[in-house]
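To keep things clear, I will list the structure first and then write my remarks on it.
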Amino acid sequence: MAQIPNLDNSPLNLTAIREQSQNDLLNIVKSIRGKKCVVIDPKLADTLSLILQTSVLKEYGAELRILSADALQTECPKVLYLVRSQPSYMKFVANQIKNDEPKGLQREYFLYFVPRRTVACEKILEEEKVHQKLTIGEYPLYLVPLDEDVLSFELDYSLQECLIEGDSSSVWHVATAIHKLEFAFGVIPNIRAKGLASTKAAELLNNMQLEDPVNMDNMGMPEIDTLILLDREVDMVTPMCSQLTYEGLLDEILEIHNGSVEVDASIMGAQQDGKKVKVPLNSSDKLYKEIRDLNLHHVVQTQSVSKLKGFVKRLHSLTEIARHVDLAQRLKSFAEKPSFHARVVIEQMILEVENYETCFEYIEDIIQKQEPIETVLRLLVLLSLTNAGLPKKNFDYLRNQGVIGLVLAELCSL
């Protein structure tokens with residue numbers, strides 16, 4: 001199934017943004033003549049599937065590999081690394097280059113940072129003594145269209161970087177991406193920001209507008225009237241709560257990545273045990289567009305015979321309907337479990353700041369039942385946020401039970 005979303009109905013010309021990203025990537029690949037091995041970091045590989053089909057790269061003599069700690073297996077004389085600016089990936093790149101040396105392989109190495117090179121990453125390459133062997137460039141992929149009305153910065157760790165590590169580079173990334181949008185759609189006249197990081201991004205954007213102004217002479221009225229920037233820190237409660245819409249539960253249970261979920265083929269009615277299939281989830285799927293924001297209960301109700309017939313007449317697609325019947329049934333079996341219902345009830349009690357002892361007893365109970373640490377942690381964070389912290393006796397209990405140690409270990413693994 002194709003992963004590239006249809007953007008024809010976008011309120012802005014997002015197709016042009018995607019095409020620019022496609023052209024930038026193809027120009028990089030074409031600039032390296034002859035047969036080459038393109039090595040992509042794992043997360044970026046999924047992101048690029050939203051930009052273009054990998055078969056297009058093969059047309060330009062590219063052999064594709066996913067970056068890992070293992071030695072690179074290829075006979076290509078040229079190697080192109082496409083990686084995000086993360087220190088761990090620099091180690092992988094360096095190790096692969098050094099693994100080639102004892103074999104006497106004479107290769108040309110190219111490294112393109114996504115979206116930009118950083119001093120920290122280049123320093124690692126210098127320390128590993130491979131910097132001089134690399135031709136270094138940048139692939140400025142700042143925004144990725146996930147759907148006709150959704151653009152992603154692809155900044156998975158921005159909250160952690162800003163709040164814990166004191167690294168504000170993601171704020172600069174956001175400002176740069178928005179300024180690039182202004183060159184396509186005009187200067188945004190109204191900008192509102194809430195939160196420290198958002199305020200900083202707005203300030204950076206204002207400076208960029210002064211230093212690198214957009215020529216509005218031939219653009220007419222700006223296509224974006226208002227930009228609202230919100231820090232995640234402004235609302236830490238919402239992500240701790242269970243999602244109850246159809247799309248929310250798909251993410252909660254099956255995890256949506258780059259506009260799709262990966263499920264066992266058997267869930268989708270295929271007789272292929274153990275095989276995984278990717279199911280795209282975007283507005284190109286007309287039924288999904290209608291039901292994604294509905295409560296799961298309402299989605300299941302739409303599966304009555306009369307309503308399904310109505311969908312068939314409107315959408316002319318039995319495939320889409322069958323796909324979501326299978327997915328909804330999977331979600332329904334999970335959502336009907338007493339444990340899930342009990343958790344939602346406790347979440348509601350926590351949000352209403354009622355019966356603190358009852359809520360904490362529930363958390364004690366799921367700790368004893370060895371429920372997943374993520375479930376325990378989300379409820380504890382929610383309870384702490386709504387009660388201005390945890391009482392000392394409760395914190396001591398968690399520490400004695402080893403929960404605090406597990407939480408710290410979980411955080412360290414992020």
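The values are calculated or read from the model by the stated rules, or taken from the named source; none is laboratory data. Small disclaimer: the values here were computed from a predicted structure and weren't measured. Please note: Cβ atoms are built from the backbone with ideal geometry, for glycine as well, and neighbour counts cover all protein chains shown.
Here is the figure for the range 335-370: residues that are within 17 Å of LEU385 (Cβ to Cβ), assigned to a loop (DSSP other than H, G, I, E, B) and not polar (S, T, N, Q) total 3.
Listed here are the residues, each with its yes/no results for (1) assigned by TED's automatic domain parsing to the domain that holds THR135; (2) at pLDDT below 95; (3) within 27 Å of PRO5 (Cα to Cα); (4) of a type in the set (Lys, Arg).
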position: ARG33; (1), (2), (3), (4): yes, yes, no, yes
position: LEU44; (1), (2), (3), (4): yes, yes, yes, no
position: ILE51; (1), (2), (3), (4): yes, yes, yes, no
position: TYR60; (1), (2), (3), (4): yes, yes, yes, no
position: VAL79; (1), (2), (3), (4): yes, no, no, no
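Of the set (1) more than 26 Å from ASP46 (Cα to Cα); (2) modelled with pLDDT of 95 or more; (3) over 20 Å from the mean Cα position of the chain (by Cα), all apply to HIS179 but (1).
Beta carbons closer than 9 Å, at least 6 apart along the sequence or on distinct chains, never pair a first residue in the range 248-261 that is more than 13 Å from PRO280 (Cα to Cα) and modelled with pLDDT under 90 with a second that is surrounded by fewer than 20 Cβ atoms within 10 Å (Cβ to Cβ) and not aromatic (Phe, Trp, Tyr).
Of the candidates LEU155, LEU146, the single residue that is under 30 Å from ASN6 (Cα atoms), part of a loop (DSSP other than H, G, I, E, B) and of a type outside the set (D, E, K, R) is LEU155.
Within the range 81-99, the set of residues being hydroxyl-bearing (Ser, Thr, Tyr) and modelled with pLDDT of 95 or more comprises TYR81, TYR89.
Residue pairs whose Cβ atoms lie under 8 Å apart, separated by 6 or more positions or on different chains, with the first residue in the range 366-390 and free of Cβ contacts under 8 Å to residues at least 40 places away in the same chain and the second in a helix (DSSP H, G or I) and among the acidic types (Asp, Glu), are ILE373/GLU410; GLU374/GLU410; LEU377/GLU410.
Note on the range 296-327: among residues that are under 17 Å from GLY248 (Cβ atoms), surrounded by 14 or more Cβ atoms within 10 Å (Cβ to Cβ) and of a type outside the set (A, V, I, L, M), the one that is modelled with the lowest pLDDT is THR302.
Do you know which residues across the range 129-152 are hydrophobic (A, V, I, L, M, F, W, C) and crowded, with 17+ Cβ neighbours inside 10 Å? Before you say what the answer is, go through the steps one by one.
Keep residues of the range 129-152 that are hydrophobic (A, V, I, L, M, F, W, C), which gives 130, 134, 136, 141, 143-144, 146, 150-151.
The answer is VAL130, LEU134, LEU141, LEU143, VAL144, LEU146, LEU151.
Among the residues of the range 365-393, which ones are of a type in the set (D, E, K, R), within 22 Å of SER339 (Cβ to Cβ) and surrounded by fewer than 16 Cβ atoms within 10 Å (Cβ to Cβ)? Scanning the range 365-393 gives ASP365, LYS369, GLU371, GLU374. Here the condition is being out of contact with any strand residue (DSSP E or B) (no Cβ under 7 Å at 6 or more places or on another chain), part of a helix (DSSP H, G or I) and in contact (Cβ under 8 Å) with a residue 60 or more places away in the chain; of GLU233, GLU182, GLU223, GLU161, it holds for GLU233 alone.
Give CYS162, CYS121 a once-over and let me know the one that is assigned by TED's automatic domain parsing to the domain that holds GLU223 and crowded, with 17+ Cβ neighbours inside 10 Å. Walk me through how you get there before you give the answer.
Values: CYS121 fails: assigned by TED's automatic domain parsing to the domain that holds GLU223.
So the residue among CYS162, CYS121 that is assigned by TED's automatic domain parsing to the domain that holds GLU223 and crowded, with 17+ Cβ neighbours inside 10 Å is CYS162.
Being among the aliphatic types (A, V, I, L, M) and at pLDDT 90 or above narrows it down to one residue among LEU380, LEU398, LEU406, LEU414; which is it?
Going through LEU380, LEU398, LEU406, LEU414 in turn, the sole match is LEU380.
Report yes if some residue within the range 184-207 is among the hydroxyl-bearing types (Ser, Thr, Tyr) and more than 26 Å from ILE4 (Cβ to Cβ); otherwise report no. Talk me through it step by step, then tell me what you get.
Within the range 184-207, the subset among the hydroxyl-bearing types (Ser, Thr, Tyr) is 198-199.
When the remaining residues are screened for being more than 26 Å from ILE4 (Cβ to Cβ), the result is 198-199.
Yes, some residue in the range 184-207 is among the hydroxyl-bearing types (Ser, Thr, Tyr) and more than 26 Å from ILE4 (Cβ to Cβ).
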